[in-house]
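**Q** Sending over a structure as structure tokens; questions will come in a sec.
The values are calculated or read from the model by the stated rules, or taken from the named source; none is laboratory data. Since the structure is predicted, the reported quantities are computational estimates derived from the model, not experimental observations. Cβ sites come from the backbone with ideal geometry, for glycine too, and all protein chains shown count toward neighbours. What goes into the accessible areas is simple: the full protein's heavy atoms, side chains included, and nothing from ligands, DNA or RNA. Shrake-Rupley method; radii C 1.70, N 1.55, O 1.52, S 1.80 Å.
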Amino acid sequence: MAEHAEHAAYPVGLRLSGRRVVVLGGGQVAQRRLPSLVAAGADVLLISPSAKPSVEAMADTGEIRWERRRYTPGDLADAWYALISTDDPEANAAASQEAEDRRVWCVRSDDAEAATAWTPATGRSEGVTVAVLTGRDPRRSAAVRDAIVEGLRDGTLAAPHHRARTTGVALVGGGPGDPDLITVRGRRLLAEADVVIADRLGPRDLLAELPPHVEVIDAAKIPYGRFMAQEAINNALIEHARAGKSVVRLKGGDPYVFGRGMEELQALAEAGIPCTVVPGISSSISVPSAAGIPVTHRGVAQEFTVVSGHVAPDDERSTVDWSALARLRGTLVVLMGVENSGAIAATLVAHGRGADTPVAVVQEGTTTAQRRVDATLGTLGETVRAEGVRPPAVIVIGEVVAVNPTA
């Protein structure tokens, strides 16, 4: 092997299903490598006087065959691949020479230069196998592998499908606004999209990272014509999916928390369009957290309630029992309530919630423009007007607002 040491290894993927693989030694190396060999469908024969408990368990369940003895010449007959990892240097050398004579690709855990094959640092994500070789630096191999796999998983490294790609729609909850708070699965689907129909409250910074071929559609600017806004969005989702494109409906928060996600899912189901729903981090809990407010706290609040404030309490369209909410003593989180904040506060006070109850209004939560304005129920409406608070903002009502992190 010395005359070949300066040359780079030739990478290849071995298809070992049903083929004989011999593993010499049942220690830590075998413990790490055997699961991948079994997953590849290899016919694994372990030869070792003893083995780690997890290796022994694989033999007990029939995943591998185990002969409890030391290596003897001839053990590599009919093998396609060998892993040599015993603690006996002489046995390792003899087995390595047998592999050379029989032209069996052989990995040596104790002497990489004497091996005819090297094991790369491997990782898997979404059907992709990443294998990294950096010569004699396994830690660097592992670091490169981890970086690639993490990028594939979180979508920062785009590797879209081009052959057997599934078209349809994904309703993706984008979280409260900070692009780092989208889920790993959501970001990966976004990276694979052909068309993205985005809400104003979605993580807009992620749209700039999309490849040039991706069509980005602002949901607020879809022409309605004879349709209402939501109907027009539903139709756009169906139209692009029927054209064979992978469509992501990017929403702020979670699709099912005041996001009309179920309406879109129902429309897609009626049209026969496959749909995936990806939950998102709701602003009802993430925005208060970003502003230093726990929605629950031991000894202060044992429950929290989330309510929409886009309809005023005295509006006949309101389905919220504000009198019941006023009787609660836990935390009340109001979304989409800036415009009606004064009326909401007055209604809660009128039904028994104390006017001195602490309130915080968090505008543009989790983004670089975040700001927090504090008030009480008695002063909420006036404070919102005086401070010029604008949507999107989350209103948090309850004693948790006054909880001090240093207490």
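**Q** Test of understanding: what is the full-extension gain from ASP146 to ARG327, defined as 0.36 nm times their sequence separation minus their Cα-Cα distance?
**A** Working: separation 181, 0.36 × 181 = 65.16 nm, distance 5.18 nm.
Once the chain is fully extended between ASP146 and ARG327, it gains 60.0 nm.
**Q** Estimate the FRET efficiency between ALA131 and ASP356 by the formula 1/(1 + (r/R0)^6), using the beta-carbon distance for r and 56 Å for R0, to the nearest 0.05. Can you show the working numbers first?
**A** Values: r = 64 Å, r/R0 = 1.14.
According to the calculation, E is roughly 0.30.
**Q** Normalising by the residue count of region 145-294, find the relative contact order in percent from Cα pairs under 8 Å and 6+ residues apart. Please report the intermediate quantities before stating the final value.
**A** On the way: 274 pairs, mean separation 49.4, N = 150.
Here the relative contact order equals 33 percent.
**Q** Further question: Within the accessible area of the chain, what % is carbon and sulfur when the probe is 1.4 Å and the other protein chains stay in place?
**A** 50 percent
**Q** Moving to a separate point now. Per residue, how much accessible surface does region 307-407 expose to a 1.4 Å probe? Answer in Å², no decimals.
**A** On the way: 4910 Å² over 101 residues.
Computed with neighbouring chains in place, this is 49 Å² per residue.
**Q** For ALA369 and GLU100, what does the FRET efficiency come to when R0 = 41 Å and r is the distance between their Cβ atoms, rounded to the nearest 0.05? Each step should come with its number before you reach the end.
**A** Details: r = 66 Å, r/R0 = 1.61.
Approximately 0.05, to the nearest 0.05.
**Q** Please say if region 212-261 is rounded, prolate or oblate, where rounded means a/c under 1.5 for a ≥ b ≥ c the square roots of the C-alpha gyration tensor eigenvalues, and otherwise the choice is prolate for a/b larger than b/c and oblate otherwise?
**A** oblate
**Q** In addition: If contacts are Cα pairs under 8 angstrom and at least 6 residues apart, what is the relative contact order of the chain in percent? The partial results should precede the final answer.
**A** Values: 779 pairs, mean separation 41.0, N = 407.
Computed value for the chain: 10 percent relative contact order.
**Q** Using the heavy atoms of the protein chains alone and a 1.4 angstrom probe, what is the accessible area of region 1-78 per residue in square angstrom? Don't skip to the answer; put the middle values down first.
**A** Values: 4810 Å² over 78 residues.
Normalised by residue count, the accessible surface of region 1-78 is 62 Å².
**Q** In whole Hz, what ³J(HN,Hα) sequence does region 372-386 give by Karplus (6.51, -1.76, 1.60; θ = phi - 60°), x for Gly and Pro?
**A** For region 372-386, the Karplus curve yields 10, 10, 9, 7, 10, 4, x, 10, 4, x, 5, 5, 4, 5, 5 Hz.
**Q** With the cut-off at 1.5 for a/c, could you classify region 236-367 from its C-alpha gyration tensor as rounded, prolate or oblate? Let's see the in-between values first.
**A** On the way: a/c = 2.77, a/b = 1.94, b/c = 1.43.
Here region 236-367 falls in the prolate category.
**Q** Given R₀ = 60 Å, FRET efficiency for GLN31-ARG200 by Cβ-Cβ distance, to 0.05? Intermediate results must be reported in sequence, preceding the final value.
**A** Values: r = 52 Å, r/R0 = 0.87.
After rounding to 0.05, the efficiency reads 0.70.
**Q** Which shape class, rounded, prolate or oblate, goes with region 17-63 when its Cα gyration tensor gives a ≥ b ≥ c as root eigenvalues, a/c under 1.5 marks rounded, and past that a/b bigger than b/c marks prolate?
**A** Numbers: a/c = 1.65, a/b = 1.50, b/c = 1.10.
In terms of gyration-tensor shape, prolate.
**Q** Got a sec? What order do CYS106, CYS275 fall in by accessible area at 1.4 Å, biggest, i.e. largest, first? List each step's numbers first, then the result.
**A** Working: CYS106 0, CYS275 40 Å².
Highest to lowest solvent-accessible surface, that is CYS275, CYS106.
**Q** Once phi is turned into ³J(HN,Hα) by the Karplus curve 6.51 cos²θ - 1.76 cosθ + 1.60 with θ = phi - 60°, what whole-Hz value does each residue of region 287-296 show in order, with x for glycine and proline?
**A** 5, x, 4, 5, 8, x, 10, x, 6, 10
**Q** Counting only helical runs of four or more DSSP H residues, what would the 222 nm mean residue ellipticity of the chain come to if each run contributes -39,500 (n - 2.57) and the total is spread over all its residues? Could the numbers behind the result be given before it?
**A** Values: 11 runs with 115 residues, N = 407.
-8500 deg cm²/dmol, from helical runs alone.
**Q** How big is the antiparallel share of DSSP beta bridges in the chain, given as a percent to the nearest 5? Before the final figure, lay out each step's value.
**A** Values: 22 of 61 bridges.
About 35 percent, rounded to the nearest 5.
**Q** Excluding THR367 itself, what net charge comes from residues whose Cβ is under 12 Å from its Cβ, given Lys and Arg +1 and Asp and Glu -1?
**A** Numbers: positive: ARG204, ARG371; negative: ASP178, ASP180, ASP205, GLU364.
Result for the neighbourhood of THR367: -2.
**Q** Pairs of Cα atoms under 8 Å, at least six residues apart: use those to get the relative contact order of region 238-362, whole percent. All intermediate terms of the calculation are to be shown ahead of the outcome.
**A** Numbers: 126 pairs, mean separation 24.5, N = 125.
Normalised by residue count, the contact order of region 238-362 is 20 percent.
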